[in-house]
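Notes follow the structure.
The values are calculated or read from the model by the stated rules, or taken from the named source; none is laboratory data. Note that the structure is predicted; figures quoted are calculated from it, not measured. Because the Cβ atoms are built from the backbone with ideal geometry, glycine has one as well, and the counts that use them run over all protein chains shown. Surface accessibility is based on the protein's heavy atoms, side chains included, excluding ligands, DNA and RNA. Shrake-Rupley method; radii C 1.70, N 1.55, O 1.52, S 1.80 Å.
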Amino acid sequence: MKHKNIDIIKLLRFYLLLIIFFSSSAVATIYPLPKGKSRLIGHNKQITIPENNLFPLEYFSAKFSMGISNMLEANPDVDVYLPESNTNLIFPTQLILPDTKHIGIIINIAEMRLYYYPKGTNKVVVLPVGIGELGQETPCWVTSVHRKKHLPSWTPSNAIKKEYKARGIIIPDVFPAGANNPMGLYALYIGNSYAIHGTNANFGIGLRISHGCIRLRDNDLKYLFDHVPVGVRVELINEPVKACIEPNGNRYLEVHDPLSTTAEQFNSHKPVPIHIPSNIANIIFHPSVNKDVVNKAIQRRSGMPISISMKNKAH
């Protein structure tokens, strides 16, 4: 899984020195739903890294409610620990909505984003998430928000305690509620064993780092906590490739790195193979599209929508 195979321990050591003090999360990103059958929303943004930059990528990611994986897909040459001053940084804030019902919460684990469609509105809230690590994968299924908890405590399972002990770390039987709790300050419980919860370490947003739960920055989770009622439908999907046909006939393709399914894939520098389902193939392998643009988009995997209509040339 290119870009997402990051040395978690190095990130932890570096970010705990900087993120806690400097990073702040932006207000939730809320898009108006497009008209008709359109699924394309938003526009990409770009900034220039300030002179004498001392902030890691997480600092800038949080400003625009982005996850690390999305930023690395859009900016493959950026330094995660210290982006170079005076260079341009793209924020992939244009998206293709998942091809699902606009109901409740949709979590696409492949792109590490959560979509919330508030009932009775014409809007969608898009937030970055962290997901389960290899071997502790976040499952795909349909469930609902069973309950909500402000200031949750965390009781690690015996398997988790054993895992930490193997690393030379002894963790308590119960983490009390508070700022040092790995579950953060808010939690939405889905199913019997999983939750959408906050975090005490923002660097994990956009990474495979949890034991299967969905992590958000605490400010983003608070937004969901305040706005999502108990009983809301939650659907988890795994779709690294999205495509759409817009009302004007233009076709768009958005490609993310698929999640590694084996340790060999995870540790390899080779890209994970991409499977194109039939509904996507019908859009992107149509006679009206530019095959060179499609091939380059699949190879590049920028995580940003690319127009693939015949009038567009590969570049």
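List of remarks:
- Any hit, region 102-118, residues being closer than 18 Å to residue 144 by Cβ, out of contact with any Ser or Thr (no Cβ under 6 Å at 6 or more places or on another chain) and among the basic types (Lys, Arg): no
- Considering (1) in a loop (DSSP other than H, G, I, E, B); (2) surrounded by fewer than 23 Cβ atoms within 10 Å (Cβ to Cβ); (3) hydroxyl-bearing (Ser, Thr, Tyr), the lone condition that residue 65 does not fulfil carries the number (2).
- Only listed residue being more than 18 Å from residue 40 (Cα to Cα) and outside any loop (DSSP other than H, G, I, E, B), chosen from 160, 170, 106: 160
- Residue in region 149-170 that is under 28 Å from residue 92 (Cβ atoms) and in the same structural domain as residue 61 (by the TED database) present: no
- Test result for residue 239, in a loop (DSSP other than H, G, I, E, B), closer than 28 Å to residue 298 by Cα and open to solvent by 70 Å² or more (accessible area, probe 1.4 Å): no
- Taken together, 297, 281 contain a single residue that is modelled with pLDDT of 95 or more and either open to solvent by 60 Å² or more (accessible area, probe 1.4 Å) or within 20 Å of the chain's Cα centre (by Cα) (or both), which is 297.
- Tally of residues being outside any strand (DSSP E or B) and open to solvent by 30 Å² or more (accessible area, probe 1.4 Å) across region 183-212: 6
- Selected residue (only one of 134, 82 is outside the structural domain of residue 267 (by the TED database), in contact with a Leu (Cβ under 9 Å, 6 or more places away or on another chain), outside any strand (DSSP E or B) and open to solvent by 70 Å² or more (accessible area, probe 1.4 Å)): 82
- Residues considered: 174, 126. Of these, the only one that is at pLDDT 95 or above and either among the β-branched types (Val, Ile, Thr) or out of contact with any Ser or Thr (no Cβ under 6 Å at 6 or more places or on another chain) (or both) is 126.
- Reported count of residues in region 102-118, each being without any contact (Cβ under 8 Å) to a residue 24 or more places away in the chain and not aromatic (Phe, Trp, Tyr), is 0.
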